[in-house]
Amino acid sequence: MRGGPSSCAAGRQTNTSLGGHISTEPRINDRIHVNEVRLVGPAGEQVGIVRIEDALRLAREADLDLVEVAPMARPPVAKLMDYGKFKYEAAQKARESRRNQTNTVIKEMKLRPKIDSHDYETKKGHVVRFLKAGDKVKITIMFRGREQSRPELGFNLLKKLADDVAEDGFIESAPKQDGRNMLMVLSPTRKKTEAKVEVEAAKAAKAATRAAAAEAERQQEAELRAAAAAAAQPKKKRGPADNMDPDIDL
């Protein structure tokens, strides 16, 4: 009997083996299996609907590739281009985009409701630094023991902190109770990209200042060495001829 269980299993295995990763690369040149394409020239000009043989001939004559850019169109759209150069430029753009991409980071700062002024100023400084770097900050007030019966202490502390850092951040999530803690989220007033540009500019300015100071120090050292060398040269002793009057006729 044909088509028994073993045959079905083999068929399933064959189908599985035929499956796999679906390529997202466009079809190019001889891989384009259609009768005709809507051809676009290398400068974006519309050539029109041509037979695939003629499109491939034009690609060879121009030393370019025929790339299928819209396979679902009827007929498919193909363009004449340097595919290697196109892929390289696309990779460069993707790399630059990833380099400029900024990820939102949420920092966390924990405080006690009865924090002393010195610790408060220190932690406020950290919050300001995070906000200036373009990061969000989650502020957590931790209540312990009888402090849990005084939620207004945490609320007032969060409000004070938000007011103190208002120049660099604003309240994104208002204070709310979460079990034994009270939470608030601050967002930076500037985007992270802007903060990054400013940080890079500050680094460049600092590096330029250091380089200028080092150059001035090297120049000063060179002048000191030159003066020391001049002072160390022996003075010429005066001889009898040096004391004679040049107008005297010998």
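The values are calculated or read from the model by the stated rules, or taken from the named source; none is laboratory data. In this text, all values refer to a predicted model and were calculated from it rather than measured experimentally. Virtual Cβ from ideal backbone geometry, glycine too; neighbours counted across all protein chains shown.
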Practice item. Just need a number here: residues in the stretch 70-93 that are out of contact with any strand residue (DSSP E or B) (no Cβ under 9 Å at 6 or more places or on another chain) and outside any loop (DSSP other than H, G, I, E, B). Key: 8
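Being surrounded by 12 or more Cβ atoms within 10 Å (Cβ to Cβ), assigned to a helix (DSSP H, G or I), in contact (Cβ under 8 Å) with a residue 12 or more places away in the chain and under 18 Å from the mean Cα position of the chain (by Cα) is the requirement here; does residue 130 meet it? If you could, list the steps in order and put the result at the bottom.
Working: surrounded by 12 or more Cβ atoms within 10 Å (Cβ to Cβ): yes; assigned to a helix (DSSP H, G or I): yes; in contact (Cβ under 8 Å) with a residue 12 or more places away in the chain: yes; under 18 Å from the mean Cα position of the chain (by Cα): yes.
Considered against the rule, which asks whether it is surrounded by 12 or more Cβ atoms within 10 Å (Cβ to Cβ), assigned to a helix (DSSP H, G or I), in contact (Cβ under 8 Å) with a residue 12 or more places away in the chain and under 18 Å from the mean Cα position of the chain (by Cα), residue 130 comes out as yes.
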Revision key, fill the gap. Of the candidates 177, 219, 233, the one satisfying the condition of being modelled with pLDDT of 65 or more and surrounded by fewer than 10 Cβ atoms within 10 Å (Cβ to Cβ) is 233
Practice item. Could you tell me whether any residue of the stretch 137-146 is closer than 30 Å to residue 37 by Cα and not small (Gly, Ala, Ser)? Key: no
Check your understanding: Hey, among 34, 67, which residue is surrounded by 10 or more Cβ atoms within 10 Å (Cβ to Cβ), at pLDDT 90 or above and assigned to a loop (DSSP other than H, G, I, E, B)?
Key -> 34
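Just to be sure, is residue 125 under 16 Å from residue 179 (Cα atoms), assigned by TED's automatic domain parsing to the domain that holds residue 166, out of contact with any helix residue (DSSP H, G or I) (no Cβ under 9 Å at 6 or more places or on another chain) and small (Gly, Ala, Ser)? Talk me through it step by step, then tell me what you get.
Details: under 16 Å from residue 179 (Cα atoms): no; assigned by TED's automatic domain parsing to the domain that holds residue 166: yes; out of contact with any helix residue (DSSP H, G or I) (no Cβ under 9 Å at 6 or more places or on another chain): yes; small (Gly, Ala, Ser): yes.
No.
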Check your understanding: Does residue 86 satisfy being under 19 Å from residue 171 (Cα atoms), aromatic (Phe, Trp, Tyr) and within 25 Å of the chain's Cα centre (by Cα)?
Key -> no
Point to revise | Among (1) touching a residue at least 12 places away in the same chain (Cβ under 8 Å); (2) small (Gly, Ala, Ser); (3) within 30 Å of residue 185 (Cα to Cα), the one test that residue 117 misses | key: (1)
Check your understanding: Right, residue 171: over 30 Å from the mean Cα position of the chain (by Cα), outside any helix (DSSP H, G or I) and over 14 Å from residue 105 (Cα atoms) or not?
Key -> no
**Study point:** From 79, 138, residue being farther than 30 Å from residue 174 by Cα and of a type in the set (Lys, Arg)
**Key:** 79
Review point. Quick one: residue 12 ticks every box in (1) at pLDDT below 85; (2) within 30 Å of residue 186 (Cβ to Cβ); (3) among the basic types (Lys, Arg) bar one, so which box is it?
Key: (2)
**Study point:** Number of the exception - residue 185 against (1) modelled with pLDDT of 95 or more; (2) part of a helix (DSSP H, G or I)
**Key:** (2)
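If I filter the stretch 91-108 for residues that are surrounded by 15 or more Cβ atoms within 10 Å (Cβ to Cβ), charged (D, E, K, R) and in contact (Cβ under 8 Å) with a residue 40 or more places away in the chain, do I get at least one hit?
Pass one, the stretch 91-108, residues surrounded by 15 or more Cβ atoms within 10 Å (Cβ to Cβ): 107.
From what is left, the residues that are charged (D, E, K, R) are 107.
The next check asks that each one be in contact (Cβ under 8 Å) with a residue 40 or more places away in the chain; those that pass are none.
No, because not a single residue in the stretch 91-108 is surrounded by 15 or more Cβ atoms within 10 Å (Cβ to Cβ), charged (D, E, K, R) and in contact (Cβ under 8 Å) with a residue 40 or more places away in the chain.
Scan the stretch 133-151 residue by residue and report those that are touching a residue at least 40 places away in the same chain (Cβ under 8 Å) and hydroxyl-bearing (Ser, Thr, Tyr). Break it down into steps so the answer makes sense when it comes.
Initial filter on the stretch 133-151 (touching a residue at least 40 places away in the same chain (Cβ under 8 Å)): 133-141.
Within the stretch 133-151, just 140 meets the criteria.
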